[in-house]
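A short write-up of the structure that comes next.
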Amino acid sequence: MRTRARTLTALLLAVPLALVAACSGGGGRGGPSNADAKTVNAGGAIVIGTTLSLTGSLAALGQPLAAGYRQEIANVNAAGGILIGGIREKLKLVVLDNGGDPSRAAAQATELVRTDHAVALLGPATALIVTPTALTAEQLRVPLVTSQMPVEAFANGDKTGWTYSWDLFYDEQQQAADAARALASAPGDKKVALFTDDEPDSVVERPLYEAAFTAAGLKVVGDYTFPVGTTDFAPFVSQARAAGAQLLAGQLAPADGAALVKQLTSSGFRPKAAFLAGTSNAGYQSPAFGRVSQDPLSAGYWSPGQASPGQLALISPTLGREYSGRPDYAPAAIGYAVAEVLTDALAAAGSANPVTLNSAIAHTDARTTAGLVTFSQFTHTAITAYHVTG
């Protein structure tokens, strides 16, 4: 297993907030001016860029991702930087706010590389923003390491196959199988109603749920799909109840999930067990079920147990202090892991040359705050954990 030697001293564990802030700079761009970036790059620091949704509907994902990226870069710099070409270099993170706009994210990726001279990119969140950003990285021939996009959806995002873009996140088949096992463990009738919207992740997941439920001995008696933004689920709920469904599963946008839960409650339909996966707009966190079922199941893609004690010691004084106990701790910790993969690869390559760096990323075999990361050379993905709990 390849790991970068880390100097985990008391000084590193107490990286001041000023140092973290210095990684991204100030101002509306979330990073240094173009002139500053050029000067820093020319002066020796290695520029890493990222376009994130710091404002808009995806800010709940973009902001913790930024915090994870900043903290990992700050820790690397506090430990002395990375040896590049025989010279120990510091890293400079340039952060731009795409406001949740896919076209802006793609344009900013180009700006980061051509204007700010970023040697690599850290990815945004959700398929909506990740895909155009990754396609831009491919055109620019610059490595991008990302997360917050389930791996099968990512693998299918470039029909010609990825070369410079890499994704670490959970696997959709793993998600479906875990949900099926949890629902099948409920006592009594095994009839299930499935609700999925037309968000890209849900489209990929729906047939996987169907297959996993059948394999687990469940019978799908209601299979309902609908556009994002649907507010009237009453006909579906009535049909599912009439068909004898005692279990409920689904993958919906946050507002749609809330509408479904409300209508389940008002109809008096209380399944024995229920599982709702969050969509990308919810940060893949499960919508709140409340008391709508006898056994509400929840899901998540990160827990502190995925990180080693030493890694938890690194993030606890900063990310842990701000996010512990909150659902956005997951994207912050995953963001830290994504940055670990990139900085580990820089150290292993000993070079900021895009081709050399990309090869080092391809050979990643590293322990991160998300667990062990190794990439498939075919799909350019690494599978991390997914949890379903009662």
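The values are calculated or read from the model by the stated rules, or taken from the named source; none is laboratory data. This structure is a prediction, so every number in the text was calculated from the model and none was measured. Neighbour counts are summed over all protein chains in view; Cβ atoms, including those assigned to glycine, are modelled from backbone coordinates with ideal geometry. Heads up: the accessible areas ignore ligands, DNA and RNA and are worked out on the full protein's heavy atoms, side chains in. Shrake-Rupley method; radii C 1.70, N 1.55, O 1.52, S 1.80 Å.
Points to keep in mind about this one:
- Between S324 and R270, the modelled labels are 3.6 nm apart [label points 7 Å from Cα along Cα→Cβ].
- Reach of K219 by Cα under 25 Å, taken over lysines that are not fewer than 8 positions away in the same chain: K190, K191, K262, K272
- Heavy-atom accessible surface of the range 183-279, averaged per residue, reaches 39 Å², computed with a 1.4 Å probe.
- Of the accessible area of the range 45-201, computed with a 1.4 Å probe over protein heavy atoms only, carbon and sulfur atoms account for 51 percent.
- For K191, the amide hydrogen comes within under 5 Å of the amide hydrogens of K219, Q246, L247, counting only partners 5 or more places away or on other chains and with H modelled in the peptide plane.
- Radius 14 Å from Cβ of L121, net charge of other residues (Lys, Arg +1; Asp, Glu -1): -1
- If you take all other residues with their beta carbon under 15 Å from the beta carbon of G320, and give Lys and Arg +1 and Asp and Glu -1, the sum is 0.
- A cut-off of 5 Å between modelled amide H atoms, ignoring neighbours fewer than 5 places along the same chain, links G99 with L54, T55.
- The reciprocal of the average 1/r between distinct C-alpha atoms defines the Kirkwood hydrodynamic radius, which for the range 159-209 equals 13.3 Å.
- P(r) of the range 46-99 over all Cα-Cα pairs, binned every 5 Å from zero, in whole percent: 5, 20, 25, 18, 13, 10, 6, 2, 0
- Base-10 log of normalised Debye intensity for the range 288-390 (one unit scatterer per alpha-carbon) at q = 0.12, 0.15, 0.18 Å⁻¹: -0.50, -0.71, -0.91
- Separation of the I87 and A45 label points, Cα + 7 Å toward Cβ, nm: 1.5
- Candidates per trypsin sites (Lys or Arg not before Pro) in the range 145-202, loop by DSSP, up to 12 other Cβ within 10 Å: K159
- Near L144: Cβ cut-off under 14 Å, other residues only, Lys/Arg at +1 and Asp/Glu at -1. The net charge is -2.
- Euclidean distance of C-alpha centroids, the range 193-264 and the range 118-147, integer Å: 32
- The HN-Hα couplings worked out from phi for the range 256-270 by the Karplus form 6.51 cos²θ - 1.76 cosθ + 1.60 (θ = phi - 60°) are 5, x, 5, 5, 4, 4, 4, 6, 4, 5, 5, 7, x, 7, 10 Hz, whole numbers, x standing for Gly and Pro.
- Rounded, prolate or oblate (a/c below 1.5 giving rounded, otherwise prolate when a/b exceeds b/c) for the range 195-261 by Cα gyration tensor: oblate
- Interatomic Cα distance distribution for the range 52-163, bins of 10 angstrom, percent: 14, 44, 32, 10, 0
- S316-R181 pseudo-label distance in nm [points 7 Å out on the Cα-to-Cβ vector]: 2.9
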